[in-house]
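The block underneath contains the structure these notes are about, expressed in structure tokens.
The values are calculated or read from the model by the stated rules, or taken from the named source; none is laboratory data. This structure is a prediction, so every number in the text was calculated from the model and none was measured. Cβ coordinates were reconstructed from backbone atoms using ideal geometry, including for glycine residues, and neighbour counts include every protein chain displayed.
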Amino acid sequence: MPQPETHRFSTPLEITPEQVRELAILCRTLAHDAAQFIASHRPPRESVADTKSTPTDVVTQMDRDIEAQLRGRIVQLRPDDGLLGEEGSSKASTSGFTWVVDPIDGTVNYLYGLPGYSVSVAVVWGAPDPATWVQVAGAVVRVSDMATWWAGRGIGAFRGETVLAINNPVSLGACLTGTGFGYDARLRALQARVLLEVLPAVRDIRRVGSAAVDLCSLAEGSLDLYFERGLSPWDMAAGTLIAREAGALTIDHEGAPPSKTMTVAGPSGLVLELAEILRKTGAAADINDVR
Ligand code: IPD
Ligand code: CA
């Protein structure tokens, strides 16, 4: 007798390492082709097509075109899988797998012609919700140099074919720490206050402008630690898997899975230390209550 969808989604993921690898390679191919298209079609001066949550939260025609291309290929290659994309794609899954895509992570960098933007493609098992999903495979490609990071659940994380492993700094004070800021001015004011406590405690702060690249930089050791409030599922779906497969702990500020409220990633002891500072500074406070 056919099982209702809810039953099927609650069943544990049964997948072989070979199948995980196949999905990871598909993520890599899709992200690579999208990145190549962006690299060869970016106009010399890009313009804003629209704004989303606030006037600083911009979208370009390229964001939309790339998401449409990814959607077309995923529907063709994996017709039973679901899809969630930053620019509005939403399709229910009948297979249990859902693709979570960010056509351009770091749209502001893309707009200004700065190098830190990427394409992020991931596939998860279950609902595309970071609280419950099982991340199966993911890939991030930074367009400026086509750096390609990818990972599969239980099979490791790679840049090209090189196996990735995070750094293991001796103390919080030795950590080059990546972060990012939201698009809401009230959230930014709170994030600035949190930085007053974090910045003196770490080696330095980097704000590259693509959460997906930050998480991959952590995975390959060009950052030691990362935290950010406000990430959406598409910002983190590939990146947190890549970081974890490279040895990182990825949690929110209270030890639950990363979420819109907070993402902290890095070596476990230092992540717990940073999470404590984030709790003490009220980094996850309701922005309506912040003065
Ligand atoms: C943004 C980037 C940025 C991060 C923001 C994200 P977008 O994604 O990842 O680094 O700080 O939180 O929203 O809007 O450029 O796709
Ligand atoms: Ca994004």
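For the residues LEU231, LEU278, LEU274, LEU215, the requirement of being in contact with a Leu (Cβ under 7 Å, 6 or more places away or on another chain) and aliphatic (A, V, I, L, M) singles out LEU274.
I'd like to verify a number: residues in the stretch 130-154 that are assigned to a strand (DSSP E or B) and touching a strand residue (DSSP E or B) at 6+ places or on another chain (Cβ under 6 Å), how many? Steps first, please.
Of the residues in the stretch 130-154, the ones assigned to a strand (DSSP E or B) are 134-142, 147-152.
Those still in the list that are touching a strand residue (DSSP E or B) at 6+ places or on another chain (Cβ under 6 Å) too: 134-142, 148-152.
Number satisfying all stated conditions: 14.
Of all residues in the stretch 209-227, those being crowded, with 23+ Cβ neighbours inside 10 Å and either within 12 Å of ligand 1 (Cβ to nearest atom) or touching a residue at least 60 places away in the same chain (Cβ under 8 Å) (or both) number 11.
Only one of ALA165, ALA122, ALA127 is touching a residue at least 24 places away in the same chain (Cβ under 8 Å) and within 16 Å of ligand 2 (Cβ to nearest atom); which?
When all the criteria are applied, what remains is ALA122.
Is there a residue being under 12 Å from the mean Cα position of the chain (by Cα), outside the structural domain of ARG21 (by TED's automatic domain parsing) and assigned to a loop (DSSP other than H, G, I, E, B) anywhere in the stretch 266-287? For the stretch 266-287, residues under 12 Å from the mean Cα position of the chain (by Cα), outside the structural domain of ARG21 (by TED's automatic domain parsing) and assigned to a loop (DSSP other than H, G, I, E, B): absent.
Before we move on, is ALA24 closer than 20 Å to ARG153 by Cα, touching a residue at least 24 places away in the same chain (Cβ under 8 Å) and not in a loop (DSSP other than H, G, I, E, B)?
Numbers: closer than 20 Å to ARG153 by Cα: yes; touching a residue at least 24 places away in the same chain (Cβ under 8 Å): yes; not in a loop (DSSP other than H, G, I, E, B): yes.
For ALA24, the condition - closer than 20 Å to ARG153 by Cα, touching a residue at least 24 places away in the same chain (Cβ under 8 Å) and not in a loop (DSSP other than H, G, I, E, B) - is met.
So, ALA243, is that one in contact with a strand residue (DSSP E or B) (Cβ under 8 Å, 6 or more places away or on another chain) and crowded, with 23+ Cβ neighbours inside 10 Å or not? Write out each step before concluding.
On the way: in contact with a strand residue (DSSP E or B) (Cβ under 8 Å, 6 or more places away or on another chain): yes; crowded, with 23+ Cβ neighbours inside 10 Å: yes.
Spelling it out, ALA243 is indeed in contact with a strand residue (DSSP E or B) (Cβ under 8 Å, 6 or more places away or on another chain) and crowded, with 23+ Cβ neighbours inside 10 Å.
Checked against the criterion of being assigned to a helix (DSSP H, G or I), within 11 Å of ligand 1 (Cβ to nearest atom) and not assigned by TED's automatic domain parsing to the domain that holds VAL123, the candidates ARG193, ARG188, ARG244 yield just one match: ARG188. Scan the stretch 111-170 for residues that are aromatic (Phe, Trp, Tyr) and more than 17 Å from the chain's Cα centre (by Cα) and the total you get is 1. Residue count for the stretch 206-241 under the criterion of being within 16 Å of LEU270 (Cβ to Cβ) and part of a helix (DSSP H, G or I): the result is 5.
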